[in-house]
Amino acid sequence: MLWNVDLTLVDVAIVTRDAYAEAFRAVTGRPLVKLVPPMGRPDSEVVFETLAVNGVQAEDDHLPGFLAALATAFAARKGRLAKEGRAMAGAKDALRAVARLDGVAQTVLTGTIKSNAVLKLKAFGLDKFVDFELGGYGEEPYPKATLLQVAQGRAKARLGTTFTAANTVLIGDSVRDVQAARIGGAAMIGVASGRSMAAELREAGADLVLPDLSNASEVVQAVAALTTPATRKAG
């Protein structure tokens, strides 16, 4: 079970932008004028585009330096996450309910770098439901669809089970999440809690679309319907 983080489980956009601004200044010596919106893209891609739109020619050391500075800047602001951000409606109950399904391992597939993803979920008590070692993160040099397959490989190595579209579900809020699931090999539950509307998620190929995560039973039923065995029941 793979969860997108931003605008699926949490919204900490204000803190994230401030951390990006500090990291940008640390790496370039200039103030950040424009931050490229993530829209389901990994931090590594956002960094390169943000450098470009701010007139900075990317060099070999920019990406590792920027990601390291971003991790430091975000960690320095972790106390603001719960105050200035929010858990998305129903996120904790949905995670808890899915965790009760037989044979389910939950992790994240996110454009956020790993250290920041952990802090985002910890701020709202969501980390206890997630095995971060199985996930895929924004500092890894793969498109999201490939990153999904990397996460499946990590889960196989840990759990001894081969993961395919028959037993892997991604829950996310963007068209890019849907595309990653379609290409990478996972069933897809879209949630219209982010910037992509329900119709866009359906058109992109989501198997099911929910308005949000506020109905935990509905989320569980969706996960169970898209995985095998079909008789999977809550424990």
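Worth a mention:
- The stretch 13-80: Cα Rg divided by the 2.2 N^0.38 Å rule of thumb: 1.00
- Options G40, I14, A26, ranked by Cα towards positive dipole end of the stretch 13-80, top entry (Cβ charges): I14
- Size descriptors for the stretch 83-174: radius of gyration and Dmax over Cα atoms are 13.2, 40 Å.
- Proximal aspartates and glutamates to K144, defined as alpha-carbon separation beneath 13 angstrom and excluding residues fewer than eight positions away on the same chain: D43, E45, D177
- Legend: residue pairs K92/K120; K34/K120; K34/K114; K83/K120, Cα-Cα distance threshold 21 Å; pairs beyond threshold, K34/K120; K34/K114.
- Remark: the chain carries 45 Å² of accessible area per residue (probe radius 1.4 Å; ligands, DNA and RNA excluded).
- Dividing the Cα radius of gyration of the chain by 2.2 N^0.38 Å, with N the residue count, gives 0.99.
- A simple rule links phi to the HN-Hα coupling: the Karplus curve 6.51 cos²θ - 1.76 cosθ + 1.60 with θ = phi - 60°, which for the stretch 104-115 gives 9, 10, 10, 8, 10, 10, 9, x, 6, 5, 4, 4 Hz, with x for Gly and Pro.
- Nearest-0.05 FRET efficiency for A82 and S214, computed from C-beta distance (R0 30 Å): 0.95
- Ranked by the mean number of other Cβ atoms within 10 Å of their residues, highest first, the peptides 190-199, 177-186, 141-150, 55-64 come out as 177-186, 190-199, 141-150, 55-64.
- Value of [θ]222 nm, deg cm²/dmol, for the chain, DSSP H segments ≥ 4, -39500 (n - 2.57) each, nearest 500: -14000 deg cm²/dmol
- Under 16 Å from K78, Cα to Cα: aspartates and glutamates that are on another chain or at least 8 residues apart: D6, D11, D18, E22, D127
- Accessible area of the chain belonging to carbon and sulfur atoms, whole % at 1.4 Å probe: 53
The values are calculated or read from the model by the stated rules, or taken from the named source; none is laboratory data. These numbers come from a predicted model, not from an experiment. All Cβ positions, even for glycine, are placed from backbone atoms using ideal geometry, and neighbour counts span all protein chains on display. SASA here: full protein model, heavy atoms, side chains in, ligands and nucleic acids out. Shrake-Rupley method; radii C 1.70, N 1.55, O 1.52, S 1.80 Å.
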